[in-house]
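Peer 1: So that we are looking at the same thing, I have put the structure below in structure tokens.
The values are calculated or read from the model by the stated rules, or taken from the named source; none is laboratory data. Note that this is a predicted model, so its numbers are computed, not measured. Every residue, glycine as well, gets a Cβ built from its backbone with ideal geometry; the counts of neighbours run over all protein chains shown.
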Amino acid sequence: MIDLRLLRENPDRVRASQRARGEDVDLVDALLSADERRRSSGSRFDELRNEQRTLGKQIPKAQGDEKAALLKRTGELATQVKAAEAEQREATEEADRLIRQLANLIDPAAPVGGEEDFVTLEEIGTPRDFAAEGFEPKDHVELGKVLGAIDTERGAKVAGSRSYYLTGVGALLELALVNMAVAQAVEAGFTPMITPALVRPAAMDGTGFLGQAAENVYFLEEEDRYLVGTSEVPLAAYHMDEIIDADKLPLRYAGYSSCFRREAGTYGKDTRGIIRVHQFEKVEMFVFTTPEDAEAEHRRLLQWEKDFLNALELPYRVIDVASGDLGSSAVRKFDIEAWIPTQGKYREVTSTSNCTEFQSRRLAIRLREEGGKVRPLATLNGTLVAVPRMIVAILENHQLADGSVAVPEALRPFLGGRAVLEPVK
């Protein structure tokens, strides 16, 4: 959540952020009103309680009519105190409800607009000219069948649409990518984590995934638990309700987990293959740091993602995501999109977001400075590898004319030294 003091001091900035995101601007005024009611009723409650205490000291000394008047006023005060307390509680609950609906303030450097209004920051590598090489590329579904690596038909039979099996070299490829990602993260100083796939509502809400992203979250009602769509959720909540000494920052974690997404609102999109699925594996980077270092850390996360794509020898571009396409927690987000030859376009494979203090305020995670001052810290996240889409990019970009696939050199040690994935016979 945002800092209420900032809202009071500069509501126009908050309105502008909401407008740029394409979200409800009226929410700002509703929150300001609730906050004012909370503060005024709180002041009224304090005044009445002080009067009660004063009268309480006077009554034992009073006599006759004076004492009767004091007792009468005491009875009136009791009623007024209860009313003020109820008003304060209602206003506080309303303010808390509204502030949790308010998105983080966008970075002024983020491009303003909708999904297609992103800014391309750079393009790395050159897409292959398959026509010049004398053959037409197969898509990842065809290659998956040739290699005995992907089985979407049985996936659908067993688990329904947007489900799949990785078999043979497909399964080995997933394990190789995960191990390569974790090895890179450890080398960069991250602590590897295997995180829970089920979390309590406080963790899901604290990271901001029960707002605009709620429709894509699986909820197990009888268990009162959510299936995570990313290990960002359990990683963010790892230090929930804790105070961290500033000299221990940054804390960097690399979480491996299964991820579950309902893919609501995507009917008819990417129904072929494994680009958009309900369950997949991912290695996610997550950082707790000082607000002052958050922007620089965001660039570091982006560079680590680029290092991974470079090692896999994939052509890609980096985009600065527009305001209307940001998640509610992020002030700025960079996506890396790999070139997918058979689609003739770039598709997102990783992303990194700067969430500043938004999540830490919701999760009550703070830093303690040397002088003892306690304040919210900043959180950031970045996907190192979301397995299915990275498999798609590798198979399609590194395919050979006979249906085999060349393995990028950096990945070979994690695939038992294989240089080529051969078609099954």
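Peer 1: I'm checking my understanding of the structure. Among residues of region 223-266 that are of a type in the set (Gly, Ala, Ser) and closer than 18 Å to residue 365 by Cα, which one is farthest from the chain's Cα centre (by Cα)?
Peer 2: Checked region 223-266; the qualifying residue farthest from the chain's Cα centre (by Cα) is 246.
Peer 1: Taking residue 280 as the residue in question, decide whether it is in contact with a His (Cβ under 8 Å, 6 or more places away or on another chain), in contact (Cβ under 8 Å) with a residue 60 or more places away in the chain and either surrounded by fewer than 21 Cβ atoms within 10 Å (Cβ to Cβ) or assigned to a strand (DSSP E or B) (or both).
Peer 2: No: the conditions fail for residue 280.
Peer 1: How many of the residues making up region 25-70 are outside any helix (DSSP H, G or I), in contact with a helix residue (DSSP H, G or I) (Cβ under 8 Å, 6 or more places away or on another chain) and modelled with pLDDT under 75?
Peer 2: Number satisfying all stated conditions: 1.
Peer 1: What's the number of the condition residue 336 fails, among (1) under 30 Å from residue 129 (Cβ atoms); (2) aliphatic (A, V, I, L, M); (3) buried (at least 23 other Cβ atoms within 10 Å of the Cβ); (4) in contact (Cβ under 8 Å) with a residue 40 or more places away in the chain?
Peer 2: So residue 336 meets the others, but not (4).
Peer 1: Given (1) buried (at least 21 other Cβ atoms within 10 Å of the Cβ); (2) part of a strand (DSSP E or B), where does residue 297 come up short, assuming only one miss?
Peer 2: (2)
Peer 1: Tell me which residues, restricted to region 87-132, are in contact with a Ser or Thr (Cβ under 7 Å, 6 or more places away or on another chain) and among the charged types (D, E, K, R).
Peer 2: Of everything in region 87-132, just one residue is in contact with a Ser or Thr (Cβ under 7 Å, 6 or more places away or on another chain) and among the charged types (D, E, K, R), namely 87.
Peer 1: State yes or no: is residue 328 modelled with pLDDT under 95, within 30 Å of residue 112 (Cβ to Cβ) and surrounded by 20 or more Cβ atoms within 10 Å (Cβ to Cβ)?
Peer 2: So residue 328 fits the description; yes.
Peer 1: Same structure again: Checking the conditions here, which among 387, 392, 349, 405 is β-branched (Val, Ile, Thr) and more than 28 Å from the chain's Cα centre (by Cα)?
Peer 2: Just one listed residue meets the conditions, 405.
Peer 1: Hey, which of the strands (runs of 3 or more DSSP E) in region 366-425, taking only ones fully inside, have at least 2 residues that are within 16 Å of residue 339 (Cα to Cα) and touching a strand residue (DSSP E or B) at 6+ places or on another chain (Cβ under 8 Å)?
Peer 2: Filter on region 366-425 gives 378-386.
Peer 1: Right, here's the next one. May I ask you to list the residues in region 348-370 that are crowded, with 18+ Cβ neighbours inside 10 Å and either outside the structural domain of residue 295 (by TED's automatic domain parsing) or among the basic types (Lys, Arg) (or both)?
Peer 2: 361, 362, 366 - these are the residues of region 348-370 that are crowded, with 18+ Cβ neighbours inside 10 Å and either outside the structural domain of residue 295 (by TED's automatic domain parsing) or among the basic types (Lys, Arg) (or both).
A quick yes/no check of all residues on (1) in the same structural domain as residue 336 (by TED's automatic domain parsing); (2) out of contact with any Gly (no Cβ under 9 Å at 6 or more places or on another chain):
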site: 73; (1), (2): no, yes
site: 76; (1), (2): no, yes
site: 83; (1), (2): no, yes
site: 89; (1), (2): no, yes
site: 124; (1), (2): yes, yes
site: 137; (1), (2): yes, yes
site: 151; (1), (2): yes, no
site: 167; (1), (2): yes, no
site: 173; (1), (2): yes, yes
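Peer 1: Which of the residues spanning region 215-266 are more than 26 Å from residue 350 (Cα to Cα) and outside any loop (DSSP other than H, G, I, E, B)?
Peer 2: 220, 225, 243, 244, 245, 246, 247, 248, listed by residue number.
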